[in-house]
Amino acid sequence: VADSLRESRQWDKAEECYQTILFWYPRSMLKDRSYAGLGLIAQQNDQPAEALRYYGLFERETVESPLWADVLESRAELYRDRGELERAVEELERILEIKAARGKPWVQALYQMGEIRMKQGNPKKAIPYFQRIYIMYGRWSDYVAKAYWESGQAFEALNMRDEAVNTYREFAQNTHLKEKPEYERAVERLVQMGEPVQAPDVSSEEGGQA
């Protein structure tokens, strides 16, 4: 009930429900959901210090919660918004240590770390994060397309023209990504760079499905 109230932005009622659980049922199996929910409410209401306090309580008071990756991602977002980029990366790196979060949470964490490195003006550090997505996580096509594009942009920022062209060209060969907006951008960029755009290989396969 509390989660539904929070998702419908009835934050006062949701907070009351979460606090009731924590006060009357401190050993409840819903304790992790309550701390996480209170942190999200504070974050959504632009109260970063309060959100971090609840996320800290979540980490100290709960064990092996399935919500751990979500809390780490939310905490990373807070640090990122505050300009504490290295702390944000640290939180995202921790997501990659959670085997139960393997899949989309890992992909999102990798992409966000790549974005942060680009924002820091460090494309060399960003590239491995983006490459890991399109090499290992082909199932998540939205992120694969974004990662290809950002990887090409990072190579260009390093004046590594051949590597950028190869990245865009490999991207253009993946026909299953044709509907993604980054695909058209990559094809246009190849044209701008004076590179021939080869016909897509219809037999090309998607990347890894991890």
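The values are calculated or read from the model by the stated rules, or taken from the named source; none is laboratory data. Note that the structure is a prediction, hence the values are computed from the model and not measured. Please note: Cβ atoms are built from the backbone with ideal geometry, for glycine as well, and neighbour counts cover all protein chains shown. Calculation scope for accessible area: heavy atoms of the full protein, side chains included, ligands and nucleic acids excluded. Shrake-Rupley method; radii C 1.70, N 1.55, O 1.52, S 1.80 Å.
Numbers for the structure displayed
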read-out: The stretch 77-210 pair-distance distribution - Cα-Cα, 10 Å bins, rounded %; value: 13, 41, 33, 12, 1
read-out: Rough spin-label spacing in nm, given labels placed 7 Å along Cα→Cβ, for H176 and K13; value: 4.3
read-out: Rg and Dmax of the stretch 1-70, Cα atoms only, in Å; value: 11.0, 29
read-out: Relative contact order (%) - criterion: Cα under 8 Å, at least six apart; region: the stretch 1-132; value: 13
read-out: Between the stretch 119-154 and the stretch 20-89, the alpha-carbon center distance in angstrom; value: 28
read-out: Estimated [θ] at 222 nm from DSSP helical runs (n ≥ 4, -39500 (n - 2.57)) normalised by residues in the chain, nearest 500; value: -22000 deg cm²/dmol
read-out: For a label point 7 Å along the Cα-to-beta-carbon line of K104, residues of the stretch 130-166 with backbone N under 17 Å; value: 137-147
read-out: Set of lysines near K178 by C-alpha distance (under 18 Å), chain-local residues within fewer than 8 positions excluded; value: K146
read-out: Extended-chain gain in nm, criterion 0.36 nm per residue less alpha-carbon gap, E86 and E184; value: 32.0 nm
read-out: K13, K180, ranked by accessible area, largest first (probe 1.4 Å); value: K13, K180
read-out: Area projected by the alpha carbon convex hull of the stretch 6-145, averaged over all directions, nm²; value: 9.1
read-out: Average Cα contact separation per residue, the stretch 76-210, under 8 Å, 6 or more apart, as relative contact order %; value: 20
read-out: Carbon/sulfur fraction of accessible area - the chain, other protein chains in place, 1.4 Å, %; value: 47
read-out: Two-decimal ratio, the stretch 90-136, of alpha-carbon radius of gyration to 2.2 N^0.38 Å; value: 1.09
read-out: Average accessible surface area per residue within the chain, 1.4 Å rolling probe, Å²; value: 56
read-out: Net dipole in debye of the chain [+1 Lys, Arg Cβ; -1 Asp, Glu Cβ; about Cα centre; nearest 20]; value: 260
read-out: Farthest positive-ward along the chain dipole, Cα basis, beta-carbon charges - from M193, F23, A51; value: F23
read-out: With DNA, RNA and ligands ignored, accessible area of T20 (1.4 Å probe; Å², nearest 10); value: 60
read-out: Selection from S151, V71, N122, by position along the positive dipole direction of the stretch 14-162 (Cβ); value: S151
